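The values are calculated or read from the model by the stated rules, or taken from the named source; none is laboratory data. Given the structure is predicted, the values throughout are model-derived calculations rather than measurements. FYI the Cβ positions are ideal-geometry reconstructions off the backbone, even for glycines, and counts take in every protein chain you see. Please note that ligands, DNA and RNA were not included when accessible areas were found on the heavy atoms of the full protein model with its side chains. Shrake-Rupley method; radii C 1.70, N 1.55, O 1.52, S 1.80 Å.
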Amino acid sequence: MSRIDTSEVNPPSGAPGAPTGIEADYQGALGGLGLLGARIYLLILPTLMLDAMFGADMPANILFLAPAIGFLLVTPRRLLLKLPISPALIIFCGWITISVLWSIDRTRTLFLVREDLVPVLGAMIVIGLLPVEESLKWLVRGVKLMVAITVVVLIVLPETREWVRIGDETETAWAAWFGSKNQLGRSALVAFMTLLFLDKTAVSRWIFLVASTVLILGSSSATALAGAMFGVGIWIWGIQFRRTRREWSGTFIFTSIILGIFVIVIAFVSAAWFVGLLGRDLSFSGRTDVWIPSLDFIEAKPWFGYGYRALFGSETQETLELWRDLGFFAAHGHNGPIETALGLGLVGLMLFFIVYLETFAASLRYLKDHDVALFTFCFLLVMMPVAIVEPVFQDDWFSVLVVCRVLLLRVRVDSRGAHDPSVR
């Protein structure tokens, strides 16, 4: 698998012990302190954006933005002017922010906008300015840090391992310091895919792959388990695709699409059997009971919604009315499109899909040449079926989508820089 080697773009100075590649280019431009700030932020970013410390007594997310801001302040103007930007992503983040204006609970929406968009803003700054290989190295280390924290918390704090009732049975589920067992499952799934596609270490990769797999199993999330199985399938497919000569790539993709459609049809026909195999039913543990009343609320405010993540989790008149219709308390809409439409309206849902499709198209462009593209391709394919039962278009997985988008923007910059150093 070919990758961009920055040492070819920036040859070593030749002096003994002198920094080469990324070190020579960016220590010269930023100084060691600026680069240190960027690395610290990337190290804490996975824990921050996946809410791995939700259950701990932690300060507001905005305080963790300090290393990224420090990095930004020492970045020379010539590099800032080359910061890659996605207009679609900026517009969607702006729409999330201004939803405070029509939110039914402005205090809650303002708080969540601040907490959820801080990791996004930091990622856009740091990943947008650093070469891809440097970002990947520290992001992977950050994922390992998140997994290590979660494992330690589960071992040390027995109360983070809880009992949950699923159907007629009760089983153990791990939540650690995440908001719920499902969020732990989703985050462990992201860690699993990150390590599978992007980690190149010889030993620690497999240790943390096993650890993330154990976390997926311990979370008792059938969705995360199915996603991990699908991710392995995409990983195997990617290996075969990259072995295919370029003149046969189109045929390989076309054949894969036909087979994919066939698999989807088979999965749809045998859906009851498959979810039963995972210990669930076609109501997805009662999630369909949430969807139907939620659709009525979308119809009442179709274009703007009720404000970013405002409808669930606060005792407003609208929320209490929805809970009465449901007959029970629900923390969210248990569906990506429904949750997004409730908070941001159909306009917000459309803006999200523009970002999604833009990112998907970028992943296809570099699919044969870069691991980031293959990881993004897998993540986006996994995101859609997971969105059927989890609100992953917002909060934790939206942050991952942003990271993928900015990484691919940076891949484009680095690819141009490999042929024209003045681009860098």
Check: Got a number for the accessible area of K200? Probe 1.4 Å, square angstrom, nearest 10.
Finding: 110 Å²
Next item on the list: Please list M58, M383 in order of solvent-accessible area, largest first, computed with a 1.4 Å probe with all protein chains present.
Entry: M58, M383
Margin query: I'd like to compare 344-351, 405-412: which one has the highest average count of other Cβ atoms within 10 Å, and what's the full order after that?
Written below: 405-412, 344-351
Notebook entry, point to check: Got a number for the accessible area of L364? Probe 1.4 Å, square angstrom, nearest 10.
Noted result: 90 Å²
Note to self: Net charge within 14 Å of A341 by Cβ-Cβ distance, Lys/Arg positive one each and Asp/Glu negative one each, not counting A341 itself?
What the structure shows: -1
Notebook entry, point to check: When the dipole is taken about the Cα centre of the range 321-424, and only Lys, Arg (+1) and Asp, Glu (-1) are charged at their Cβ, what size is it in debye, to the nearest 20?
Noted result: 480 debye
Next item on the list: Among the lysines, select those whose C-alpha is under 20 Å from the C-alpha of K368, and discard any that sit fewer than 8 residues away in the same chain.
Entry: K200
Check: With every protein chain present, what accessible area does E133 have (1.4 Å probe, heavy atoms only), rounded to the nearest 10 Å²?
Finding: 50 Å²
Check: Using a 1.4 angstrom probe with every protein chain in place, what is the largest-first accessible-area order of L101, L48?
Finding: L101, L48
Next item on the list: Starting from the Cα-Cα distance between L364 and D57, subtract it from 0.36 nm times their residue separation and give me the gain in nm to one decimal.
Entry: 106.4 nm
Notebook entry, point to check: What ranking of W177, W291 comes out by heavy-atom accessible area, probe 1.4 Å, highest first?
Noted result: W177, W291
Item checked: Convex hull of Cα atoms in the range 342-424, direction-averaged projection (nm²) -> 6.1 nm²
Next item on the list: Calculate, for the range 103-239, the solvent-accessible area per residue in square angstrom, rolling a 1.4 angstrom probe over the heavy atoms of the protein chains.
Entry: 40 Å²
Notebook entry, point to check: Ignoring any ligand, DNA or RNA, what whole percent of the accessible area of the range 312-424 comes from carbon and sulfur when the probe is 1.4 angstrom?
Noted result: 62 percent
Notebook entry, point to check: Once Rh is set to the Kirkwood radius over Cα pairs, what Stokes-Einstein translational diffusion coefficient, in µm²/s, holds for the range 39-174 at a temperature of 25 °C and a viscosity of 0.890 mPa s?
Noted result: 142 µm²/s
